[in-house]
Amino acid sequence: MRIDKVTVETDDWDIKTFSLSFVNQEDEADFKYIPGQFVELSVLGKGEAPFGMASSPTQPGRLEFTVSKIGVVTTALHNMEAGRTVGVRGPLGNGYPIEELKGKNMVMIGGGFGFSTLRALTNLALDETNRDNFKDITVIYGARRPGLLLYKDDLEKWGKRSDIHLHLTVDTGDEEWAGKVGFVPAVTKEVAPSSEEAYALVCGPPAMIKFTLPVVEELGFPPERTLLSMEMRMKCGLGMCGRCNIGSQYVCRDGPVFSLAKLSRLPQEY
């Protein structure tokens, strides 16, 4: 795929979003995915790494990936500009259960860099071709500080809509910040979204997930309607390297999206 656009997401320049287009029309026609799935992006001579789709299938012809500069492959990607090409292997894994979510309320709870696949799902649900398929949509999203919030254009658009409840929070605000200040679990408890006919979808840093899950349970979301994305553990994408296994399950093959009910039956090593 060809890099068409590179967007710097954060004020420290450590996170960028890459918008890619297909070089071959046959590849574009064959590439079907749902939010929550991922691909392996490869840079010649550097290797490959897994990334969840940050774009929605309702945006045909392109894919978006949000990349944090933390290693060899991600640094190589950060050094690439529009016009360069990268390898894409996928789509891989299982995404969010779209058919189960239809007709339900959705509460998206995300933190930091882990918000990418929730952004994809939110944009899919808000698209005019899909909006009637879903009931209330609540988004609770936080970062350490305002300059680290991703997808600012999307957040601005969502904030202007009447059919989505958007709650933004930061650990530490600044003089210009007018949103909430506090950790995501505390804000989730404060907002107290209803669990009636609702799914809670949680994705973020491990510490955020650890302290958010008790809040979600307290609000009445049952384990089978609490969905988590475990993509941080993945490596090869094929269930071969063994890095991502949780008991008998492989995150890259059986996930990365799991219900809390399923995870509760596995060894508590996630």
### Summary
Per the helix-only model, the chain has a calculated mean residue ellipticity at 222 nm (DSSP H runs of ≥4, -39500 (n - 2.57) each, divided over all residues, rounded to the nearest 500) of -6500 deg cm²/dmol
## Note on the structure
The distance between the Cα centres of segment 176-210 and segment 1-42, in whole Å, is 27
### Task
Report the percentage of all Cα-Cα pairs in segment 181-246 whose separation exceeds 18 Å, rounded to a whole percent.
44
### Query
Excluding same-chain residues fewer than 8 positions from residue 189, which lysines have a Cα within less than 17 Å of its Cα?
180, 210
#### Entry: Exceeding the 25 Å Cα-Cα cut-off - candidates 32/235; 5/104; 32/152
5/104; 32/152
### Message
With an 8 Å Cα cut-off and a minimum separation of 6 or more residues, compute the relative contact order for the chain in percent.
### Response
18
### Query
Among the aspartates and glutamates, which fall within straight-line cross-link reach of residue 160, defined as a Cα-Cα distance under 17 Å, with same-chain neighbours fewer than 8 residues apart omitted?
127, 128, 136
### Summary
Place a point 7 Å from the Cα of residue 30 in the direction of its beta carbon; the residues of segment 87-128 whose amide N falls under 17 Å from it are 87-93
### Query
When only DSSP loop residues count, what trypsin sites (Lys or Arg not before Pro) in segment 1-86 have their Cβ near at most 10 other Cβ atoms within 10 Å?
32
### Task
List the chymotrypsin sites (Phe, Trp or Tyr not before Pro) within segment 1-91 that fall in a DSSP loop (any state other than H, G, I, E or B) and whose Cβ has at most 15 other Cβ atoms within 10 Å.
13
### Query
On the first, second and third principal axes, largest extent first, how far apart are the outermost C-alpha atoms of segment 98-229 in Å?
41, 32, 22
### Task
Please list the non-local residues whose amide H lies under 5 Å from the amide H of residue 144, H modeled 1.01 Å from N, same-chain partners needing a gap of 5 or more.
171
## Note on the structure
Applying a 4.7 angstrom Cβ cut-off across the chain, unpaired cysteine residues come out as 203, 244, 252
#### Entry: Additional length obtainable on full extension of the chain from residue 156 to residue 248, 0.36 nm per residue less Cα span
28.9 nm
#### Entry: Sparse-neighbourhood loop sites, trypsin sites (Lys or Arg not before Pro) in segment 156-218 - DSSP loop, at most 14 other Cβ within 10 angstrom
161
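Read-outs throughout are calculated quantities, based only on the coordinates presented, and are distinct from any laboratory measurement. This structure is a prediction, so every number in the text was calculated from the model and none was measured. FYI the Cβ positions are ideal-geometry reconstructions off the backbone, even for glycines, and counts take in every protein chain you see.
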